[in-house]
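Here is the structure we will look at, set down as structure tokens.
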Amino acid sequence: MTAIAIRTLNLSRNFGNVQAVDNLSLLIPKGIVFGFLGANGSGKTTTIRLLLGLLEPTSGRAEVLGFDTRSHSDKIRQCTGALLEHPGLYERLSAEDNLEFYGRVWRLPPAKRRSRIKELLNNMGLWHRRHQSVGGWSRGMKQKLAVARAMLHSPPLIFLDEPTTGLDPVAAAALRDELQEIVAREGVTVFLTTHNLVEAEKLCQQIGVIRQGKLLAVGHPDDLRASAGSPRIEIIGRGFTPKLLDWVRSQPLVSSVDINGNQLLITLLKQTSAAPLVRVLVQAGVEIEEVRKGSATLEEVFLTLMEVP
């Protein structure tokens with residue numbers, strides 16, 4: 001039986017007439033990176049605050065690591081790490097002194113504190129800068145240190161609220177790589193809010209999509225892509241004659257055929273092997289350079305779900 005890190009049942013939160021979170025029901029297993037996708041104002045940050053017990057739900061309930069958010073919010077915050085809107089760093093202090101301060105807050109024993117600080121700074125590529133004042137660092141380096149701060153006390157679950165927002169592409173990619181490695185190494189569960197689809201696809205084993213407080217879809221990225229559109233075959237080549245295209249359109253499993261220069265895009269009714277089609281095209285004289293199979297991209301899935309009916 002799969003252990004559950006987060007469980008919500010009809011979790012809701014109103015702010016006056018605004019329904020920030022609307023009957024949210026989730027089961028998030030331990031040991032995965034869960035990505036929570038949505039546009040700005042969709043309810044992602046409010047959900048994190050509810051799960052941390054920083055907000056009381058209007059209705060419904062939630063459990064985090066087996067603790068009810070209403071009655072055991074202090075225990076939840078002791079057992080989790082969080083990086084929310086602000087990195088929570090003291091810019092006049094060095095990187096090492098920042099983590100030393102938080103290690104004392106978490107009451108880590110001195111030896112454990114020192115070894116953990118060295119371990120995290122090494123893993124984040126910051127050990128050689130440990131004596132530098134954080135105030136002079138780039139945003140990307142500060143975010144790396146903020147992630148280290150959230151993981152300092154070795155929590156089994158961490159919440160990261162859009163950790164790469166505002167970073168340039170190189171810094172964002174570096175932070176994602178560091179995060180992926182440290183999560184795999186330590187086996188923690190991560191609740192990650194983002195609207196960066198590359199980030200979600202790279203890091204997450206499960207994704208939930210929220211719009212205006214409502215959960216629209218949840219599942220593995222591959223399952224979301226498969227459910228959102230028909231499978232496709234893209235063929236790059238030369239020699240696509242009108243007669244040949246008519247033959248392709250007549251095939252039982254072919255839904256539609258589009259041609260754009262040397263690119264032939266075939267949409268299928270269901271998954272099937274591309275080999276028979278490719279073989280006939282080659283026999284008919286088509287010069288094929290490349291064949292790709294796929295389904296809807298995660299971006300297409302997201303944009304479709306974000307469309308207001």
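Applying the criterion of being more than 30 Å from Gly35 (Cβ to Cβ) and touching a residue at least 40 places away in the same chain (Cβ under 8 Å) to the residues of the stretch 213-266, the residue that is surrounded by the most Cβ atoms within 10 Å (Cβ to Cβ) is Ile235.
Every listed requirement among (1) on the phi < 0 side of the Ramachandran plot; (2) touching a Leu at 6+ places or on another chain (Cβ under 9 Å); (3) surrounded by 14 or more Cβ atoms within 10 Å (Cβ to Cβ) is met by Ala172 save one, (2). May I ask you to verify whether Thr193 is more than 27 Å from Arg114 (Cα to Cα), assigned to a strand (DSSP E or B) and of a type in the set (S, T, N, Q)? Criteria met by Thr193.
State yes or no: is Leu224 more than 30 Å from Arg7 (Cβ to Cβ), in contact with a strand residue (DSSP E or B) (Cβ under 9 Å, 6 or more places away or on another chain) and outside any loop (DSSP other than H, G, I, E, B)? So Leu224 fails the test. Being under 24 Å from the mean Cα position of the chain (by Cα) and either outside the structural domain of Leu157 (by TED's automatic domain parsing) or not polar (S, T, N, Q) (or both) is the filter here, so list the residues in the stretch 68-87 that pass it. Ile76, Arg77, Cys79, Gly81, Ala82, Leu83, Leu84, Glu85, His86, Pro87, listed by residue number. Restricting the stretch 22-59 to residues that are under 20 Å from Leu303 (Cα atoms) and among the aliphatic types (A, V, I, L, M) leaves a set whose member that is surrounded by the fewest Cβ atoms within 10 Å (Cβ to Cβ) is Ala39.
If we keep just the residues of the stretch 112-168 that are in a loop (DSSP other than H, G, I, E, B), more than 20 Å from the chain's Cα centre (by Cα) and not hydroxyl-bearing (Ser, Thr, Tyr), which is modelled with the lowest pLDDT? Spell out the reasoning first.
We begin by selecting, within the stretch 112-168, every residue in a loop (DSSP other than H, G, I, E, B); these are 124-126, 130-132, 137-138, 152-156, 162-168.
Checking which are more than 20 Å from the chain's Cα centre (by Cα) leaves us with 125-126, 130-132, 137-138, 152-154.
Then keep just the ones that are not hydroxyl-bearing (Ser, Thr, Tyr); that gives 125-126, 130-132, 137, 152-153.
Values: Gly125: 89, Leu126: 93, Arg130: 94, His131: 96, Gln132: 95, Trp137: 93, Leu152: 94, His153: 94.
Ranking the qualifying residues of the stretch 112-168, first place goes to Gly125.
For Tyr102, state whether it is assigned by TED's automatic domain parsing to the domain that holds Asn14, hydroxyl-bearing (Ser, Thr, Tyr), outside any strand (DSSP E or B) and out of contact with any Phe, Trp or Tyr (no Cβ under 9 Å at 6 or more places or on another chain). Can you show your working first?
Details: assigned by TED's automatic domain parsing to the domain that holds Asn14: yes; hydroxyl-bearing (Ser, Thr, Tyr): yes; outside any strand (DSSP E or B): yes; out of contact with any Phe, Trp or Tyr (no Cβ under 9 Å at 6 or more places or on another chain): yes.
Taking the combined requirement at face value, the residue satisfies it.
Which residue is nearest to Glu85 (Cα to Cα), if the candidates are limited to the stretch 181-212 and must be under 12 Å from the mean Cα position of the chain (by Cα) and free of Cβ contacts under 8 Å to residues at least 40 places away in the same chain? The residue in question is Asn196. Looking across the stretch 53-69, the residues that are part of a loop (DSSP other than H, G, I, E, B) and farther than 16 Å from Val21 by Cα come down to Leu65, Gly66.
Within the stretch 272-309, track down each residue that is at pLDDT below 80, more than 18 Å from Pro231 (Cβ to Cβ) and surrounded by 14 or more Cβ atoms within 10 Å (Cβ to Cβ).
The answer is Phe302, Leu305, Met306.
Evaluated against (1) touching a helix residue (DSSP H, G or I) at 6+ places or on another chain (Cβ under 7 Å); (2) touching a residue at least 12 places away in the same chain (Cβ under 8 Å); (3) part of a helix (DSSP H, G or I), Ala172 falls short on exactly one condition, (1).
The values are calculated or read from the model by the stated rules, or taken from the named source; none is laboratory data. Owing to the predicted nature of the structure, the values given are computational and were not obtained by experimental measurement. Heads up, the Cβs are rebuilt from the backbone with ideal geometry, glycines too, and the neighbour counts pull from every protein chain shown.
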